[in-house]
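Here the structure comes first, spelled out in C-alpha coordinates, and everything after it is commentary.
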Amino acid sequence: NEHYQTLLGVTGSGKTFTVANVIEQTQKPTLILSHNKTLAAQLYGEFKNFFPENSVNYFVSYYDYYQPEAFIASSNTYIEKDLSINEEIEKLRLRTTSALMSGRRDVIVVSSISCIYGMGNPEDFSRMVFRIAVGLRISRNSFLHSLVEIMYARTTTEFKRGTFRVKGDTVDIYPAYLDHAYRISFFGDDIEELSAIDPVSGKTLEKLEDMSIYPANLFVTPKDRFNQSIWGIQEELEIRKNQLIADRHLLEAKRLEERTNFDIEMMKELGYCSGIENYSRFFDGRQPGMRPFCLLDYFPEDYLMVIDESHVTVPQIRAMYGGDRSRKLSLVEYGFRLPAALDNRPLNFNEFEALAPQTIYVSATPAEYELEKSEGVVVEQVIRPTGLLDPVIEIRPAINQVDDLLDEIDLTIKDGGRILVTTLTKRMAEELTKYLDRLNIKTRYIHSEIKTLERVEILRGLRLGEFDVLVGINLLREGLDLPEVTLVAILDADKEGFLRSEKSLIQTIGRAARNDRGRVIMYADGITDSME
(Lines give C-alpha, C1' and ligand atoms only; values in the text may rest on other atoms or scores of the structure.)
Protein backbone atom coordinates (compact mmCIF):
# COMPACT_ATOMS: atom_id res chain seq x y z
CA ASN A 1 0.00 0.00 0.00
CA GLU A 2 3.05 2.30 0.08
CA HIS A 3 3.28 4.85 -2.75
CA TYR A 4 7.10 4.83 -2.86
CA GLN A 5 9.34 1.90 -1.93
CA THR A 6 13.02 1.09 -2.42
CA LEU A 7 14.43 -2.35 -3.18
CA LEU A 8 18.06 -2.25 -2.07
CA GLY A 9 19.66 -5.36 -3.49
CA VAL A 10 23.31 -6.21 -3.99
CA THR A 11 24.52 -7.10 -7.48
CA GLY A 12 23.42 -10.58 -8.50
CA SER A 13 20.81 -10.96 -5.73
CA GLY A 14 17.90 -11.43 -8.16
CA LYS A 15 16.27 -7.98 -8.01
CA THR A 16 14.75 -8.44 -11.48
CA PHE A 17 13.15 -11.73 -10.41
CA THR A 18 11.76 -10.03 -7.28
CA VAL A 19 10.22 -7.27 -9.42
CA ALA A 20 8.73 -9.91 -11.76
CA ASN A 21 7.03 -11.54 -8.76
CA VAL A 22 5.63 -8.18 -7.63
CA ILE A 23 4.14 -7.66 -11.12
CA GLU A 24 2.70 -11.17 -11.08
CA GLN A 25 1.06 -10.64 -7.68
CA THR A 26 -0.27 -7.11 -8.27
CA GLN A 27 -1.54 -7.86 -11.81
CA LYS A 28 -0.98 -4.24 -12.84
CA PRO A 29 0.22 -2.80 -16.15
CA THR A 30 3.86 -1.92 -15.44
CA LEU A 31 6.43 0.57 -16.71
CA ILE A 32 10.06 -0.36 -16.02
CA LEU A 33 12.37 2.62 -16.45
CA SER A 34 16.03 2.08 -17.28
CA HIS A 35 18.78 4.66 -17.71
CA ASN A 36 20.27 3.28 -20.93
CA LYS A 37 19.16 1.34 -24.00
CA THR A 38 21.59 -1.55 -23.44
CA LEU A 39 20.25 -2.39 -19.99
CA ALA A 40 16.68 -1.81 -21.22
CA ALA A 41 17.25 -4.42 -23.96
CA GLN A 42 18.56 -6.92 -21.39
CA LEU A 43 15.57 -6.31 -19.10
CA TYR A 44 13.20 -6.65 -22.07
CA GLY A 45 14.65 -10.11 -22.82
CA GLU A 46 14.41 -11.16 -19.17
CA PHE A 47 10.78 -10.05 -18.76
CA LYS A 48 9.79 -11.76 -22.01
CA ASN A 49 11.14 -14.98 -20.49
CA PHE A 50 9.36 -14.36 -17.17
CA PHE A 51 6.05 -13.47 -18.89
CA PRO A 52 5.81 -15.41 -22.20
CA GLU A 53 2.02 -14.87 -22.43
CA ASN A 54 2.05 -11.16 -21.58
CA SER A 55 2.43 -8.19 -23.89
CA VAL A 56 6.05 -7.28 -23.04
CA ASN A 57 7.25 -4.20 -24.92
CA TYR A 58 10.45 -2.23 -25.56
CA PHE A 59 10.25 1.57 -25.79
CA VAL A 60 13.46 3.53 -26.44
CA SER A 61 14.51 6.40 -28.68
CA TYR A 62 14.33 5.28 -32.32
CA TYR A 63 17.32 7.36 -33.43
CA ASP A 64 20.50 5.56 -34.46
CA TYR A 65 21.96 9.03 -34.87
CA TYR A 66 20.54 12.37 -33.76
CA GLN A 67 21.94 15.88 -34.13
CA PRO A 68 19.39 18.32 -32.69
CA GLU A 69 18.68 21.69 -34.27
CA ALA A 70 20.71 24.43 -32.56
CA PHE A 71 22.02 27.97 -32.94
CA ILE A 72 25.34 29.05 -31.43
CA ALA A 73 25.10 32.83 -31.09
CA SER A 74 28.80 33.39 -30.27
CA SER A 75 29.90 32.09 -33.69
CA ASN A 76 26.63 32.83 -35.55
CA THR A 77 26.38 29.11 -36.42
CA TYR A 78 23.06 27.42 -37.22
CA ILE A 79 23.13 23.62 -36.98
CA GLU A 80 20.33 21.90 -38.86
CA LYS A 81 18.65 18.84 -37.40
CA ASP A 82 20.11 15.59 -38.73
CA LEU A 83 18.95 12.11 -37.80
CA SER A 84 18.75 8.46 -38.73
CA ILE A 85 15.68 6.48 -37.60
CA ASN A 86 15.83 2.76 -36.82
CA GLU A 87 12.67 1.23 -38.34
CA GLU A 88 12.77 -1.85 -36.09
CA ILE A 89 12.73 0.30 -32.93
CA GLU A 90 10.02 2.52 -34.43
CA LYS A 91 7.91 -0.62 -34.88
CA LEU A 92 8.46 -1.60 -31.22
CA ARG A 93 7.45 1.90 -30.04
CA LEU A 94 4.20 1.75 -32.01
CA ARG A 95 3.57 -1.77 -30.73
CA THR A 96 3.89 -0.40 -27.18
CA THR A 97 1.28 2.34 -27.63
CA SER A 98 -1.03 -0.04 -29.52
CA ALA A 99 -0.85 -2.57 -26.67
CA LEU A 100 -1.61 0.12 -24.07
CA MET A 101 -4.52 1.49 -26.12
CA SER A 102 -5.98 -2.01 -26.60
CA GLY A 103 -7.09 -2.09 -22.94
CA ARG A 104 -5.03 -5.19 -22.08
CA ARG A 105 -4.09 -5.41 -18.39
CA ASP A 106 -1.04 -7.64 -18.89
CA VAL A 107 1.13 -4.99 -20.55
CA ILE A 108 4.73 -4.59 -19.37
CA VAL A 109 6.84 -1.83 -20.94
CA VAL A 110 10.61 -1.63 -20.53
CA SER A 111 11.62 1.91 -21.42
CA SER A 112 14.54 4.30 -21.44
CA ILE A 113 14.17 7.98 -20.47
CA SER A 114 12.60 8.39 -23.93
CA CYS A 115 9.22 7.87 -22.21
CA ILE A 116 9.22 11.42 -20.74
CA TYR A 117 9.57 13.06 -24.17
CA GLY A 118 6.60 14.51 -26.05
CA MET A 119 4.25 12.25 -27.99
CA GLY A 120 0.85 12.62 -29.58
CA ASN A 121 -2.35 13.07 -27.57
CA PRO A 122 -3.50 9.57 -26.42
CA GLU A 123 -7.15 10.58 -26.86
CA ASP A 124 -6.49 11.43 -30.52
CA PHE A 125 -4.57 8.18 -30.97
CA SER A 126 -7.42 6.18 -29.42
CA ARG A 127 -10.10 8.03 -31.40
CA MET A 128 -8.32 7.30 -34.67
CA VAL A 129 -8.03 3.53 -34.16
CA PHE A 130 -9.84 1.97 -37.13
CA ARG A 131 -11.98 -1.03 -36.08
CA ILE A 132 -13.45 -3.30 -38.76
CA ALA A 133 -15.21 -6.66 -38.90
CA VAL A 134 -16.46 -9.16 -41.46
CA GLY A 135 -19.81 -7.94 -42.79
CA LEU A 136 -19.12 -4.25 -42.07
CA ARG A 137 -20.72 -2.04 -44.71
CA ILE A 138 -18.17 0.47 -46.03
CA SER A 139 -17.19 1.40 -49.56
CA ARG A 140 -13.66 0.59 -50.63
CA ASN A 141 -12.90 4.26 -51.32
CA SER A 142 -14.12 5.33 -47.84
CA PHE A 143 -11.97 2.57 -46.37
CA LEU A 144 -8.87 3.79 -48.25
CA HIS A 145 -9.58 7.38 -47.17
CA SER A 146 -9.71 6.24 -43.52
CA LEU A 147 -6.31 4.55 -43.89
CA VAL A 148 -4.74 7.73 -45.25
CA GLU A 149 -6.22 9.70 -42.31
CA ILE A 150 -4.36 7.46 -39.84
CA MET A 151 -1.07 8.05 -41.68
CA TYR A 152 -0.85 4.95 -43.92
CA ALA A 153 0.63 5.60 -47.37
CA ARG A 154 -0.55 3.91 -50.57
CA THR A 155 2.16 2.04 -52.49
CA THR A 156 2.41 0.30 -55.85
CA THR A 157 6.03 -0.80 -55.34
CA GLU A 158 7.63 -1.63 -51.99
CA PHE A 159 5.18 -3.08 -49.46
CA LYS A 160 6.65 -1.98 -46.12
CA ARG A 161 5.39 -1.10 -42.65
CA GLY A 162 2.98 1.83 -42.63
CA THR A 163 1.81 1.26 -46.24
CA PHE A 164 -1.14 -0.35 -48.03
CA ARG A 165 -1.66 -1.63 -51.57
CA VAL A 166 -4.80 -2.17 -53.62
CA LYS A 167 -5.51 -4.96 -56.11
CA GLY A 168 -9.09 -4.90 -57.38
CA ASP A 169 -11.40 -5.67 -54.44
CA THR A 170 -8.52 -6.61 -52.14
CA VAL A 171 -6.61 -4.23 -49.86
CA ASP A 172 -3.38 -5.33 -48.13
CA ILE A 173 -2.25 -3.29 -45.10
CA TYR A 174 1.13 -3.63 -43.39
CA PRO A 175 0.60 -2.20 -39.88
CA ALA A 176 3.51 -0.15 -38.60
CA TYR A 177 3.65 -2.15 -35.34
CA LEU A 178 3.37 -5.78 -36.57
CA ASP A 179 5.50 -8.40 -38.33
CA HIS A 180 2.53 -9.65 -40.36
CA ALA A 181 0.15 -7.82 -42.70
CA TYR A 182 -3.66 -7.82 -43.06
CA ARG A 183 -5.73 -8.59 -46.15
CA ILE A 184 -9.24 -7.11 -46.48
CA SER A 185 -11.44 -8.54 -49.24
CA PHE A 186 -14.49 -6.55 -50.39
CA PHE A 187 -17.65 -7.72 -52.08
CA GLY A 188 -19.28 -4.53 -53.32
CA ASP A 189 -19.57 -2.24 -50.29
CA ASP A 190 -19.25 -5.05 -47.75
CA ILE A 191 -16.14 -6.51 -46.11
CA GLU A 192 -16.31 -10.16 -47.11
CA GLU A 193 -13.15 -11.58 -45.57
CA LEU A 194 -10.35 -10.58 -43.17
CA SER A 195 -7.05 -12.43 -42.81
CA ALA A 196 -3.52 -12.08 -41.48
CA ILE A 197 -0.93 -12.68 -44.21
CA ASP A 198 2.82 -13.00 -44.63
CA PRO A 199 3.92 -9.60 -46.03
CA VAL A 200 6.55 -11.19 -48.31
CA SER A 201 4.85 -14.30 -49.70
CA GLY A 202 1.23 -13.15 -49.28
CA LYS A 203 0.41 -16.56 -47.74
CA THR A 204 -2.62 -16.58 -45.41
CA LEU A 205 -1.60 -17.11 -41.78
CA GLU A 206 -5.01 -16.86 -40.09
CA LYS A 207 -8.64 -16.01 -40.86
CA LEU A 208 -10.05 -13.21 -38.70
CA GLU A 209 -13.53 -12.06 -37.72
CA ASP A 210 -12.52 -8.52 -36.72
CA MET A 211 -9.44 -6.36 -36.24
CA SER A 212 -8.22 -2.99 -35.00
CA ILE A 213 -5.83 -0.97 -37.15
CA TYR A 214 -3.82 1.49 -35.06
CA PRO A 215 -2.33 4.69 -36.55
CA ALA A 216 0.99 4.37 -38.38
CA ASN A 217 2.44 7.29 -36.46
CA LEU A 218 2.40 8.41 -32.81
CA PHE A 219 1.62 11.97 -33.93
CA VAL A 220 -1.85 11.80 -35.46
CA THR A 221 -4.24 14.75 -35.55
CA PRO A 222 -7.96 14.79 -36.44
CA LYS A 223 -8.60 16.76 -39.62
CA ASP A 224 -10.71 19.45 -37.92
CA ARG A 225 -7.94 20.20 -35.42
CA PHE A 226 -5.30 20.22 -38.18
CA ASN A 227 -6.96 23.24 -39.80
CA GLN A 228 -7.31 24.97 -36.41
CA SER A 229 -3.62 24.28 -35.75
CA ILE A 230 -2.52 26.00 -38.98
CA TRP A 231 -4.55 29.05 -37.95
CA GLY A 232 -2.97 28.98 -34.47
CA ILE A 233 0.55 28.83 -35.95
CA GLN A 234 -0.19 31.81 -38.20
CA GLU A 235 -1.56 33.78 -35.24
CA GLU A 236 1.52 33.11 -33.08
CA LEU A 237 3.77 34.02 -36.03
CA GLU A 238 2.13 37.45 -36.32
CA ILE A 239 2.45 38.13 -32.58
CA ARG A 240 6.10 37.04 -32.41
CA LYS A 241 7.06 38.82 -35.66
CA ASN A 242 5.58 42.12 -34.41
CA GLN A 243 7.39 41.68 -31.11
CA LEU A 244 10.75 41.18 -32.88
CA ILE A 245 10.13 44.21 -35.13
CA ALA A 246 9.24 46.34 -32.10
CA ASP A 247 12.55 45.27 -30.51
CA ARG A 248 14.31 46.18 -33.80
CA HIS A 249 15.33 42.60 -34.54
CA LEU A 250 14.43 42.91 -38.22
CA LEU A 251 16.66 40.09 -39.47
CA GLU A 252 15.20 37.68 -36.91
CA ALA A 253 11.62 38.75 -37.79
CA LYS A 254 12.21 38.17 -41.51
CA ARG A 255 13.89 34.82 -40.86
CA LEU A 256 11.04 33.64 -38.63
CA GLU A 257 8.39 34.70 -41.15
CA GLU A 258 10.09 32.94 -44.07
CA ARG A 259 10.82 29.71 -42.18
CA THR A 260 7.37 29.44 -40.58
CA ASN A 261 5.47 30.24 -43.79
CA PHE A 262 7.52 27.61 -45.62
CA ASP A 263 6.58 25.04 -42.93
CA ILE A 264 2.90 26.04 -43.17
CA GLU A 265 2.90 25.55 -46.95
CA MET A 266 4.54 22.13 -46.56
CA MET A 267 1.95 21.10 -43.96
CA LYS A 268 -0.95 22.24 -46.14
CA GLU A 269 0.48 20.42 -49.15
CA LEU A 270 1.85 17.20 -47.60
CA GLY A 271 0.34 17.08 -44.11
CA TYR A 272 3.77 17.37 -42.46
CA CYS A 273 7.06 19.30 -42.61
CA SER A 274 10.60 18.93 -41.33
CA GLY A 275 10.57 19.81 -37.62
CA ILE A 276 6.77 19.48 -37.33
CA GLU A 277 7.27 18.42 -33.69
CA ASN A 278 8.03 22.08 -32.89
CA TYR A 279 4.35 22.83 -33.58
CA SER A 280 3.07 19.89 -31.49
CA ARG A 281 1.37 22.17 -28.95
CA PHE A 282 -1.10 23.31 -31.64
CA PHE A 283 -1.78 19.80 -32.93
CA ASP A 284 -2.26 18.39 -29.41
CA GLY A 285 -4.69 21.16 -28.47
CA ARG A 286 -2.50 22.36 -25.56
CA GLN A 287 -2.24 25.84 -24.07
CA PRO A 288 1.17 27.62 -23.92
CA GLY A 289 3.30 26.21 -21.09
CA MET A 290 1.22 23.05 -20.67
CA ARG A 291 3.26 19.88 -20.32
CA PRO A 292 3.46 17.60 -23.36
CA PHE A 293 1.70 14.26 -23.58
CA CYS A 294 4.12 11.35 -23.15
CA LEU A 295 4.10 7.56 -22.79
CA LEU A 296 2.99 7.85 -19.14
CA ASP A 297 -0.35 9.27 -20.38
CA TYR A 298 -1.02 6.06 -22.32
CA PHE A 299 -1.09 3.93 -19.15
CA PRO A 300 -4.24 3.44 -17.03
CA GLU A 301 -4.31 5.32 -13.70
CA ASP A 302 -3.48 2.32 -11.50
CA TYR A 303 -0.28 1.20 -13.21
CA LEU A 304 2.99 0.38 -11.43
CA MET A 305 6.32 2.10 -12.13
CA VAL A 306 9.68 0.46 -11.44
CA ILE A 307 12.75 2.72 -11.70
CA ASP A 308 15.72 0.42 -12.22
CA GLU A 309 19.19 1.57 -11.11
CA SER A 310 17.40 4.57 -9.64
CA HIS A 311 20.61 6.23 -8.41
CA VAL A 312 21.44 6.93 -12.09
CA THR A 313 17.98 7.02 -13.68
CA VAL A 314 16.42 9.65 -11.39
CA PRO A 315 19.19 12.26 -11.95
CA GLN A 316 18.92 11.58 -15.69
CA ILE A 317 15.17 12.33 -15.63
CA ARG A 318 15.90 15.50 -13.65
CA ALA A 319 18.49 16.74 -16.18
CA MET A 320 16.57 16.32 -19.45
CA TYR A 321 14.35 19.42 -19.26
CA GLY A 322 17.10 21.99 -18.62
CA GLY A 323 19.33 20.91 -21.49
CA ASP A 324 16.46 20.86 -23.96
CA ARG A 325 15.16 24.28 -22.90
CA SER A 326 18.51 26.11 -23.08
CA ARG A 327 19.01 24.91 -26.68
CA LYS A 328 15.48 25.91 -27.74
CA LEU A 329 15.64 29.37 -26.11
CA SER A 330 18.46 30.31 -28.47
CA LEU A 331 16.46 29.13 -31.51
CA VAL A 332 13.43 31.20 -30.42
CA GLU A 333 15.46 34.29 -29.53
CA TYR A 334 17.16 34.45 -32.94
CA GLY A 335 14.07 33.83 -35.07
CA PHE A 336 14.61 30.21 -36.06
CA ARG A 337 11.55 28.94 -34.19
CA LEU A 338 8.26 30.19 -32.74
CA PRO A 339 7.94 30.26 -28.92
CA ALA A 340 5.72 27.16 -29.33
CA ALA A 341 8.94 25.15 -29.89
CA LEU A 342 9.62 25.50 -26.15
CA ASP A 343 6.53 23.35 -25.49
CA ASN A 344 7.96 20.47 -27.55
CA ARG A 345 10.03 19.12 -24.69
CA PRO A 346 10.50 16.38 -22.11
CA LEU A 347 8.67 16.52 -18.79
CA ASN A 348 10.35 18.56 -16.10
CA PHE A 349 11.01 16.74 -12.84
CA ASN A 350 8.00 18.17 -10.98
CA GLU A 351 5.70 17.08 -13.82
CA PHE A 352 7.25 13.60 -13.77
CA GLU A 353 6.71 13.30 -10.01
CA ALA A 354 3.09 14.47 -10.36
CA LEU A 355 2.43 11.77 -12.98
CA ALA A 356 4.28 8.96 -11.19
CA PRO A 357 1.97 6.22 -9.86
CA GLN A 358 2.91 3.67 -7.19
CA THR A 359 6.70 3.48 -7.62
CA ILE A 360 9.48 1.04 -6.70
CA TYR A 361 13.08 2.29 -6.81
CA VAL A 362 15.57 -0.51 -7.47
CA SER A 363 19.30 -0.09 -6.82
CA ALA A 364 22.32 -1.60 -5.13
CA THR A 365 23.35 1.96 -4.24
CA PRO A 366 20.18 4.08 -3.81
CA ALA A 367 20.70 7.83 -3.53
CA GLU A 368 19.36 10.18 -0.85
CA TYR A 369 16.34 11.11 -3.00
CA GLU A 370 14.96 7.55 -3.20
CA LEU A 371 15.50 6.91 0.51
CA GLU A 372 13.72 10.16 1.45
CA LYS A 373 10.80 9.43 -0.89
CA SER A 374 10.44 5.92 0.54
CA GLU A 375 10.30 7.31 4.12
CA GLY A 376 12.09 4.28 5.48
CA VAL A 377 10.21 1.69 3.39
CA VAL A 378 13.42 0.02 2.18
CA VAL A 379 13.52 -3.70 1.46
CA GLU A 380 17.03 -5.15 1.58
CA GLN A 381 18.00 -8.07 -0.64
CA VAL A 382 21.60 -8.79 0.31
CA ILE A 383 21.93 -12.57 0.05
CA ARG A 384 22.56 -13.91 -3.43
CA PRO A 385 20.48 -17.03 -4.21
CA THR A 386 23.61 -18.43 -5.89
CA GLY A 387 25.49 -18.20 -2.59
CA LEU A 388 28.23 -16.12 -4.25
CA LEU A 389 30.24 -13.69 -2.15
CA ASP A 390 31.53 -10.29 -3.29
CA PRO A 391 34.46 -10.57 -5.71
CA VAL A 392 38.04 -10.28 -4.44
CA ILE A 393 39.44 -6.77 -5.08
CA GLU A 394 43.14 -6.09 -5.68
CA ILE A 395 44.85 -2.72 -6.07
CA ARG A 396 47.93 -2.60 -8.29
CA PRO A 397 50.19 0.28 -9.42
CA ALA A 398 48.93 2.22 -12.44
CA ILE A 399 52.41 2.86 -13.83
CA ASN A 400 52.57 -0.39 -15.86
CA GLN A 401 48.83 -1.08 -15.90
CA VAL A 402 48.55 -2.20 -19.54
CA ASP A 403 51.48 -4.66 -19.30
CA ASP A 404 50.08 -6.13 -16.10
CA LEU A 405 46.62 -6.28 -17.68
CA LEU A 406 48.01 -8.30 -20.62
CA ASP A 407 49.33 -10.95 -18.21
CA GLU A 408 45.98 -11.11 -16.41
CA ILE A 409 44.04 -11.34 -19.69
CA ASP A 410 46.25 -14.24 -20.77
CA LEU A 411 45.69 -16.11 -17.49
CA THR A 412 41.93 -15.46 -17.53
CA ILE A 413 41.46 -16.63 -21.14
CA LYS A 414 43.42 -19.84 -20.40
CA ASP A 415 41.07 -20.38 -17.46
CA GLY A 416 38.02 -20.01 -19.76
CA GLY A 417 36.85 -16.66 -18.39
CA ARG A 418 35.93 -13.35 -20.02
CA ILE A 419 37.28 -9.91 -19.19
CA LEU A 420 35.75 -6.44 -18.84
CA VAL A 421 38.11 -3.45 -18.95
CA THR A 422 36.91 0.07 -18.12
CA THR A 423 38.78 3.16 -19.32
CA LEU A 424 38.14 6.88 -18.83
CA THR A 425 37.52 8.01 -22.43
CA LYS A 426 36.17 6.70 -25.74
CA ARG A 427 39.54 7.24 -27.38
CA MET A 428 41.33 5.21 -24.69
CA ALA A 429 38.78 2.40 -25.17
CA GLU A 430 39.29 2.36 -28.94
CA GLU A 431 43.11 2.60 -28.73
CA LEU A 432 43.31 -0.20 -26.15
CA THR A 433 41.06 -2.38 -28.33
CA LYS A 434 43.33 -1.81 -31.37
CA TYR A 435 46.41 -2.62 -29.27
CA LEU A 436 44.93 -5.87 -27.95
CA ASP A 437 43.78 -6.81 -31.46
CA ARG A 438 47.36 -6.42 -32.73
CA LEU A 439 48.41 -8.92 -30.07
CA ASN A 440 45.79 -11.39 -31.41
CA ILE A 441 43.55 -11.01 -28.36
CA LYS A 442 39.92 -11.09 -29.50
CA THR A 443 38.60 -7.74 -28.27
CA ARG A 444 35.65 -5.41 -28.87
CA TYR A 445 34.80 -2.00 -27.44
CA ILE A 446 31.42 -0.56 -26.48
CA HIS A 447 30.44 3.07 -25.90
CA SER A 448 27.61 5.54 -26.57
CA GLU A 449 28.39 5.90 -30.30
CA ILE A 450 27.64 2.21 -30.94
CA LYS A 451 24.08 1.75 -32.27
CA THR A 452 21.46 0.48 -29.82
CA LEU A 453 20.82 -2.99 -31.25
CA GLU A 454 24.53 -3.45 -32.05
CA ARG A 455 25.37 -3.01 -28.34
CA VAL A 456 23.07 -5.94 -27.53
CA GLU A 457 24.84 -8.09 -30.15
CA ILE A 458 28.27 -7.17 -28.73
CA LEU A 459 27.25 -8.22 -25.20
CA ARG A 460 25.77 -11.44 -26.60
CA GLY A 461 29.02 -12.08 -28.49
CA LEU A 462 31.01 -11.77 -25.25
CA ARG A 463 28.77 -14.28 -23.49
CA LEU A 464 28.96 -16.74 -26.40
CA GLY A 465 32.76 -16.54 -26.50
CA GLU A 466 33.02 -14.88 -29.92
CA PHE A 467 35.63 -12.66 -28.27
CA ASP A 468 37.24 -12.58 -24.82
CA VAL A 469 37.76 -8.95 -23.83
CA LEU A 470 35.22 -6.11 -23.81
CA VAL A 471 36.53 -2.58 -23.30
CA GLY A 472 34.14 0.17 -22.24
CA ILE A 473 33.72 3.38 -20.28
CA ASN A 474 30.36 3.97 -18.65
CA LEU A 475 28.12 1.28 -20.21
CA LEU A 476 29.79 -1.62 -18.37
CA ARG A 477 28.08 -0.84 -15.10
CA GLU A 478 24.58 -1.07 -13.71
CA GLY A 479 22.61 -4.25 -14.11
CA LEU A 480 24.47 -5.93 -16.96
CA ASP A 481 24.11 -9.69 -16.53
CA LEU A 482 27.39 -11.23 -17.74
CA PRO A 483 28.00 -14.36 -15.60
CA GLU A 484 30.86 -15.52 -17.87
CA VAL A 485 32.99 -12.54 -16.76
CA THR A 486 35.64 -13.55 -14.21
CA LEU A 487 37.84 -10.45 -14.33
CA VAL A 488 36.95 -6.76 -14.18
CA ALA A 489 39.92 -4.43 -14.68
CA ILE A 490 39.46 -0.75 -13.77
CA LEU A 491 42.19 1.41 -15.31
CA ASP A 492 43.13 4.69 -13.60
CA ALA A 493 40.88 3.85 -10.65
CA ASP A 494 42.33 6.72 -8.60
CA LYS A 495 41.21 9.47 -11.02
CA GLU A 496 38.44 11.02 -8.89
CA GLY A 497 35.34 12.07 -10.82
CA PHE A 498 32.00 10.83 -12.12
CA LEU A 499 33.44 7.64 -13.68
CA ARG A 500 35.44 6.72 -10.57
CA SER A 501 33.03 7.81 -7.82
CA GLU A 502 32.08 5.45 -5.00
CA LYS A 503 28.79 4.45 -6.67
CA SER A 504 30.45 4.01 -10.10
CA LEU A 505 33.15 1.75 -8.64
CA ILE A 506 30.61 -0.36 -6.69
CA GLN A 507 28.50 -0.83 -9.83
CA THR A 508 31.51 -1.69 -12.02
CA ILE A 509 32.83 -4.15 -9.43
CA GLY A 510 29.38 -5.75 -9.40
CA ARG A 511 29.92 -7.08 -12.94
CA ALA A 512 32.29 -9.68 -11.41
CA ALA A 513 29.78 -10.75 -8.74
CA ARG A 514 27.95 -13.27 -10.93
CA ASN A 515 30.80 -15.81 -11.13
CA ASP A 516 32.38 -17.76 -8.27
CA ARG A 517 35.84 -16.98 -9.73
CA GLY A 518 35.02 -13.29 -10.12
CA ARG A 519 37.75 -10.83 -9.16
CA VAL A 520 38.51 -7.15 -9.66
CA ILE A 521 41.80 -5.35 -10.24
CA MET A 522 41.94 -1.59 -9.68
CA TYR A 523 44.98 0.06 -11.19
CA ALA A 524 45.86 3.08 -9.03
CA ASP A 525 48.87 4.92 -7.58
CA GLY A 526 46.95 5.81 -4.44
CA ILE A 527 43.73 4.99 -2.62
CA THR A 528 41.02 7.64 -3.03
CA ASP A 529 38.07 8.16 -0.67
CA SER A 530 35.80 6.57 -3.30
CA MET A 531 38.01 3.45 -3.52
CA GLU A 532 38.13 3.14 0.25
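The values are calculated or read from the model by the stated rules, or taken from the named source; none is laboratory data. Owing to the predicted nature of the structure, the values given are computational and were not obtained by experimental measurement. Cβ: placed from backbone, ideal geometry, glycine included. Neighbour counts: every protein chain shown.
Residues in the stretch 211-222: is at least one in a helix (DSSP H, G or I), within 20 Å of residue 288 (Cα to Cα) and of a type outside the set (S, T, N, Q)?
Checked the stretch 211-222: no residue is in a helix (DSSP H, G or I), within 20 Å of residue 288 (Cα to Cα) and of a type outside the set (S, T, N, Q).
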Only one of 470, 487, 439 is surrounded by fewer than 20 Cβ atoms within 10 Å (Cβ to Cβ) and hydrophobic (A, V, I, L, M, F, W, C), namely 439
Being in the same structural domain as residue 324 (by the TED database) and surrounded by fewer than 21 Cβ atoms within 10 Å (Cβ to Cβ) narrows 366, 397, 346, 357 down to just 357
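What do you reckon, is residue 452 in the same structural domain as residue 419 (by the TED database), hydroxyl-bearing (Ser, Thr, Tyr), on the phi < 0 side of the Ramachandran plot and crowded, with 22+ Cβ neighbours inside 10 Å?
For residue 452, the condition - in the same structural domain as residue 419 (by the TED database), hydroxyl-bearing (Ser, Thr, Tyr), on the phi < 0 side of the Ramachandran plot and crowded, with 22+ Cβ neighbours inside 10 Å - is not met.
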Condition first: among the polar types (S, T, N, Q) and buried (at least 22 other Cβ atoms within 10 Å of the Cβ). Now tell me which residues in the stretch 505-523 satisfy that. 507, 508
Of residues in the stretch 48-89 being modelled with pLDDT under 90 and acidic (Asp, Glu), the one farthest from the chain's Cα centre (by Cα): 80
Go over the candidates 281, 291 one by one and state the one that is crowded, with 19+ Cβ neighbours inside 10 Å, within 13 Å of residue 120 (Cβ to Cβ) and basic (Lys, Arg). 281
Suppose we keep only residues that are assigned to a loop (DSSP other than H, G, I, E, B) and among the hydrophobic types (A, V, I, L, M, F, W, C) within the stretch 33-90. Which one would you say is nearest to residue 313 (Cα to Cα)? 60
Being among the basic types (Lys, Arg), at negative phi and more than 29 Å from the chain's Cα centre (by Cα) narrows it down to one of 418, 384, so name that one. 384
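Based on what the data block shows, is residue 276 of a type in the set (A, V, I, L, M, F, W, C), under 30 Å from residue 368 (Cα atoms) and under 21 Å from the mean Cα position of the chain (by Cα)?
Judged against the criteria, residue 276 is not a match.
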Scope the stretch 239-254; condition part of a helix (DSSP H, G or I) and either buried (at least 17 other Cβ atoms within 10 Å of the Cβ) or without any contact (Cβ under 8 Å) to a residue 40 or more places away in the chain (or both); matching residues: 239, 240, 241, 242, 243, 244, 245, 246, 250, 252, 253
Can residue 286 be described as buried (at least 21 other Cβ atoms within 10 Å of the Cβ), modelled with pLDDT under 95 and not hydroxyl-bearing (Ser, Thr, Tyr)? no
Confirm whether residue 395 is over 35 Å from the mean Cα position of the chain (by Cα) and closer than 20 Å to residue 511 by Cα. yes
So residue 193, is it of a type in the set (Asp, Glu), more than 28 Å from residue 123 (Cβ to Cβ) and surrounded by 14 or more Cβ atoms within 10 Å (Cβ to Cβ): yes
In this structure, is residue 8 assigned to a strand (DSSP E or B), touching a residue at least 24 places away in the same chain (Cβ under 8 Å) and closer than 30 Å to residue 516 by Cβ? yes
When you check residue 12 against the structure, is it at positive phi and at pLDDT below 95, yes or no? yes
Go through (1) assigned by the TED database to the domain that holds residue 177; (2) under 30 Å from residue 282 (Cα atoms); (3) among the β-branched types (Val, Ile, Thr) and name the single condition residue 200 misses. (2)
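Rundown of residues vs (1) under 22 Å from residue 102 (Cα atoms); (2) surrounded by 12 or more Cβ atoms within 10 Å (Cβ to Cβ); (3) outside the structural domain of residue 297 (by the TED database); (4) not small (Gly, Ala, Ser), yes/no style:
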residue	(1), (2), (3), (4)
136	yes, yes, yes, yes
141	no, no, yes, yes
146	yes, yes, yes, no
162	yes, yes, yes, no
173	yes, yes, yes, yes
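Check every one of the strands (runs of 3 or more DSSP E) wholly within the stretch 103-207 and list those with 1 or more residues that are within 30 Å of residue 20 (Cα to Cα).
107-111
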Restricting attention to the stretch 430-476, and to residues there that are small (Gly, Ala, Ser) and outside any loop (DSSP other than H, G, I, E, B), which single residue is farthest from residue 409 (Cα to Cα)? 461
Across the stretch 262-317, the tally of residues that are touching a His at 6+ places or on another chain (Cβ under 8 Å) and free of Cβ contacts under 8 Å to residues at least 40 places away in the same chain stands at 0
Residues in the stretch 258-317 that are within 23 Å of residue 227 (Cβ to Cβ) and part of a helix (DSSP H, G or I): how many? 22
For the stretch 406-429 the number of residues that are over 29 Å from residue 498 (Cα atoms), not in a loop (DSSP other than H, G, I, E, B) and not β-branched (Val, Ile, Thr) is 3
